[in-house]
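Written out below as structure tokens is the structure these notes cover.
The values are calculated or read from the model by the stated rules, or taken from the named source; none is laboratory data. The structure displayed is predicted, hence computed values, not measured ones. Counting neighbours? That spans all protein chains shown, and the Cβs are built from the backbone with ideal geometry, glycine included.
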Amino acid sequence: MLDNTPATRLSGITLPNGWTVGEILAVGRAQDGDEGSGGTFSVSYVVSKEGKTAFLKAFDLDNVLKKRGSRSWMETLQQETTAFNNEKGLNTLCVKSKMRQVVRIIEHGDVTVPQEPGDMVNDIPYMVMELADGGDVRSYIKQNNLHDLSIKFRYLKEIALGISQLHAEKISHQDIKPSNVMIFEETGAKIGDLGRASIQGTIGVYDGWVVAGDHGYAPPEQLYGLTLNEWVDRRERCDLYQFGSMISFLIFGVTVNTIIQRRLPEALSPRRWGGGQSTYAQALPYLQKAFYDGLEEFRTTHPDWLGKRVVSLINQCSNPDYNMRGATGVMGKKNYLGLGLNRFVSELDYLSNEAERQSIIAAKRKA
């Protein structure tokens, strides 16, 4: 149940740019049981104009001030307003750079809501984004036949393309997870919610946070509190770890962090998992053993075309040792840009086609 704030009372209002606000969407704060990092200070709606529908993300300034904790209202307002404006700017940059696999911002503005007792701020900044007609990628986790696998691999390929497009502009998403990947009928999977994203060479609101995104998808070095100096290590390899966890979640039904946590001695675990006495360097050999043991179980319980190749992808993306994340054979090469995401795109395209081929073979055997 959402608190009664001006940002939660937009339904029925027509915005200055002509969009009519419809019902609140069950994402972010309105979604029960979502441990997500984004959406804490935003409320989402469906909006419509001239027969078109879109997604509205309204910034809940009133809630920001009421939940500010020990910070002064001025410090809280400034930080969260800066974060919202940064997200708006990043979305605009993505449109200018023609990123096909990143959710597109349509327009933005402000609306004033009639005041009620207890309201603190009635001016609501908002962004209008394209609305996914297929929801987010979590709805596909329980689809496990070969045809469904083909679709999952295609979506993963499109996610890899989206990450590559962001990295080409020196943008790191930092919060790649199923609820932040949206499905569009015409253009496939797109990465959304740049609320925790960072751009190289600038200091964003969340750049000082060791874990900027969802802890469930955070790489081990972040969970142990290690801050890395190099941009590619701190940001791009974080995105890659989260992407590998997406592969594991969609294909095997479990995140990489869960694979590791189930096999890691509690005494060597990060604080969030019940440990807290070990450093990342001390725990790394045990993290890797837990990681490899978990992947080996998946490799041996699936046919080679699936298990062996998917395990290889996850290993290249989500190795607990951040130095080992990246496509095999490209790291360290002179003049090679990026971490080899183009190779992952090619491999996922192969797996999508192979899953469909296996589906056809299986159907013929049944006939």
Return the only residue of Glu186, Glu230 being without any contact (Cβ under 8 Å) to a residue 12 or more places away in the chain, under 24 Å from Pro285 (Cβ atoms) and out of contact with any strand residue (DSSP E or B) (no Cβ under 8 Å at 6 or more places or on another chain).
Glu230
I want to confirm something. Restricting to the stretch 181-208 and keeping residues that are at pLDDT below 90 and under 17 Å from the mean Cα position of the chain (by Cα), which single residue is surrounded by the fewest Cβ atoms within 10 Å (Cβ to Cβ)?
Asp207
Among residues belonging to the stretch 78-127 that are more than 18 Å from the chain's Cα centre (by Cα), buried (at least 17 other Cβ atoms within 10 Å of the Cβ) and among the β-branched types (Val, Ile, Thr), point out the one that is nearest to Val181 (Cα to Cα).
Ile106
Of all residues making up the stretch 159-171, the number that are of a type outside the set (A, V, I, L, M, F, W, C) and surrounded by 24 or more Cβ atoms within 10 Å (Cβ to Cβ):
1
Positions within the stretch 247-278 being of a type in the set (S, T, N, Q) and surrounded by 13 or more Cβ atoms within 10 Å (Cβ to Cβ), in sequence order:
Ser248, Thr255, Asn257, Thr258, Gln261, Ser269, Ser278
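Condition check ((1) among the small types (Gly, Ala, Ser); (2) closer than 30 Å to Gln165 by Cβ; (3) outside the structural domain of Phe153 (by TED's automatic domain parsing)) across all residues:
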{"site": "Gln242", "(1), (2), (3)": "no, yes, no"}
{"site": "Leu264", "(1), (2), (3)": "no, no, no"}
{"site": "Leu268", "(1), (2), (3)": "no, no, no"}
{"site": "Ala281", "(1), (2), (3)": "yes, no, no"}
Just checking, how many residues over the stretch 296-324 are assigned to a helix (DSSP H, G or I) and either of a type in the set (Gly, Ala, Ser) or surrounded by 22 or more Cβ atoms within 10 Å (Cβ to Cβ) (or both)?
10
Got a sec? Which strands (runs of 3 or more DSSP E) wholly within the stretch 1-77 have at least 2 residues that are buried (at least 21 other Cβ atoms within 10 Å of the Cβ), touching a strand residue (DSSP E or B) at 6+ places or on another chain (Cβ under 7 Å) and at pLDDT below 90?
none
Before we move on, is Gln277 outside any loop (DSSP other than H, G, I, E, B) and assigned by TED's automatic domain parsing to the domain that holds Ser359?
no
Can we say Tyr336 is of a type in the set (Phe, Trp, Tyr) and modelled with pLDDT of 95 or more?
no
What is the residue count in the stretch 104-143 for residues that are over 23 Å from Leu351 (Cβ atoms), in contact with a helix residue (DSSP H, G or I) (Cβ under 8 Å, 6 or more places away or on another chain) and assigned to a strand (DSSP E or B)?
7
Taking first residues from the stretch 144-171 that are in a loop (DSSP other than H, G, I, E, B) and second residues anywhere that are surrounded by fewer than 19 Cβ atoms within 10 Å (Cβ to Cβ) and not hydroxyl-bearing (Ser, Thr, Tyr), the pairs with Cβ under 6 Å that are 6 or more apart or on different chains are Lys170/Gln200
